[in-house]
Amino acid sequence: MLLRNIFLKNLRDRRKALFWWSFGMILFALFICAFYPTVQESAAELETYMANMPEALIAAFGGTGSNIASPEGYLNVEFFSMMLPMMFIIYAIGFGGGVIAGEEEAGTLDLLLANPISRWRVLLEKFLAMVAGMTILSFMSWLGLVAGAYVYDMNIGLGQLAAATFSSVLLSFSFGVIALAVSCLTGRRGISMGIATALAVGTYLLYVLAQVAEPLEKYQKLSPFYWHLAPNPLANGLKLGNMAVFIGTIAVFLIIALIAFQRRDLAV
C-alpha cells in the first residue's frame, strides 16, 4: 500500500534526514540571532569596517546600503544573502538529483514501475514530496528565526521573515527542479547534482560580479539570485513579478523532467 503511495514513501524514506536538517536549521537560526546584540553594540565599528571592504565582497554579503545594525540589515548580511539559500540549495539539489536517478542507479526503479502506476504519476508524486520536504524545512527555519528574534529582542515582523524565507525557498527549489530534470534526462545522479550545483555557483558569481563590473551589469537578470536578493524581500516583502520568474522556471523544468522521464529508456 505504501509502495503505491509514492509521495508518502519518499517522505518516509527521508524522514530522518529531514528531521536532522530541520533541527540543524533551527539551531543555525538561533545561533545567528544570538550574535545580533553584540553586532548592535559594535555597529559603528562594523559600519566603518564594511565601508572599507571591497565592493565585490560587500555585494556578496547583501549588497551596498545594508545597515548591519538594523535587524533587516543584519539578517540580510548574515542569513538571507548567502547562508540560508546555500543550505536550501544543497538540500533541494540532493533531493531533486536523487529521487529518480538515485533509484535508477540503485536498481529499485524497476520494482516501483512494475506496479500499475504511470511514469508521470511517479514523477509528480516525487515532485510533491520535494515540495513537502522544502516546506517543512523552510517552516522550521522560519520558526527558528521567530524564536531567535523574540529571545534576542530583534524588532522585525513575522511576515518579513516569512517573505524572505519563502523567497529563499523559491530560489533553491528552482535549482532542485533543474537537478530533477537533468536526472530524468540522463539517469545519472552525479551529473544532475553537478550541473545544478555548477549553475547555482555560476549564477551567484554572475550576480555578485555584475554589481561591480559594468560589462556584466546587463546580464545580472539572468541570475536567479538577482530575483531573490535585489528586491530585498526582508524589507520590501514579496513581489509578484519576482515570484513569477521562479514559478515559471520551476514549471518549465518540471515539464522537461516529465517529458524526459516518459520517453527515456530507463536503466532498469
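The values are calculated or read from the model by the stated rules, or taken from the named source; none is laboratory data. The structure displayed is predicted, hence computed values, not measured ones. Positions of Cβ are generated from backbone atoms using ideal geometry, with glycine treated the same way; all protein chains shown enter the neighbour counts. Areas reflect the complete protein model, heavy atoms only, side chains present, ligands, DNA and RNA absent. Shrake-Rupley method; radii C 1.70, N 1.55, O 1.52, S 1.80 Å.
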Exercise. Before rounding to the nearest 500, sum -39500 (n - 2.57) across all DSSP H runs of length at least 4 in the chain and divide by the residue total; then give [θ] at 222 nm in deg cm²/dmol.
Key: -24000 deg cm²/dmol
Exercise. Mind checking which lysines have their Cα closer than 16 Å to the Cα of residue 239? Skip sequence neighbours fewer than 8 apart in that chain.
Key: 221
Quiz item: What aspartates and glutamates sit close enough to residue 126 to cross-link, taking a C-alpha to C-alpha distance under 12 Å and skipping anything fewer than 8 places away on the same chain?
Solution: 13, 103
Quiz prompt | Calculated from backbone phi, Karplus (6.51, -1.76, 1.60) coupling profile of region 11-21 in Hz, x at Gly/Pro | solution = 5, 5, 4, 10, 5, 5, 4, 5, 4, 5, 4
Quiz item: How much accessible surface does residue 110 have with a 1.4 Å probe, in Å² rounded to 10?
Solution: 70 Å²
Self-check item: Note, ³J(HN,Hα) from phi for region 175-192, Karplus 6.51, -1.76, 1.60, rounded to Hz, x at Gly and Pro
Solution: 5, x, 6, 4, 4, 4, 5, 5, 5, 6, 6, 10, x, 10, 5, x, 5, 5
Quiz prompt | Local electrostatic count, residue 100, Cβ distance below 12 Å [Lys/Arg +1, Asp/Glu -1] | solution = +1
Exercise. In whole angstrom, note down how far apart the Cα centers of region 238-264 and region 88-154 are.
Key: 16 Å
Practice problem: Among 38, 28, 243, flag the residue with its Cα farthest along the positive direction of the charge dipole of the chain, charges on Cβ as +1 for Lys/Arg and -1 for Asp/Glu. | Solution: 243
Self-check item: Estimated vicinal HN-Hα couplings, Hz - region 124-141 in sequence order (Karplus 6.51, -1.76, 1.60; Gly, Pro = x)
Solution: 5, 5, 5, 4, 5, 5, 4, 4, 5, x, 5, 5, 4, 5, 5, 5, 5, 5
Practice problem: Using a 1.4 Å probe and counting only protein heavy atoms, arrange 120, 20 so the residue with the most accessible area comes first. | Solution: 20, 120
Quiz item: If we restrict to alpha carbons, what Rg and Dmax does region 184-268 come to, in Å?
Solution: 16.2, 50
Quiz item: Please state the Cα pair-distance histogram of the chain with 5 angstrom bins from zero: what percent is in each bin?
Solution: 1, 6, 12, 16, 17, 15, 12, 9, 6, 4, 2, 1, 0, 0
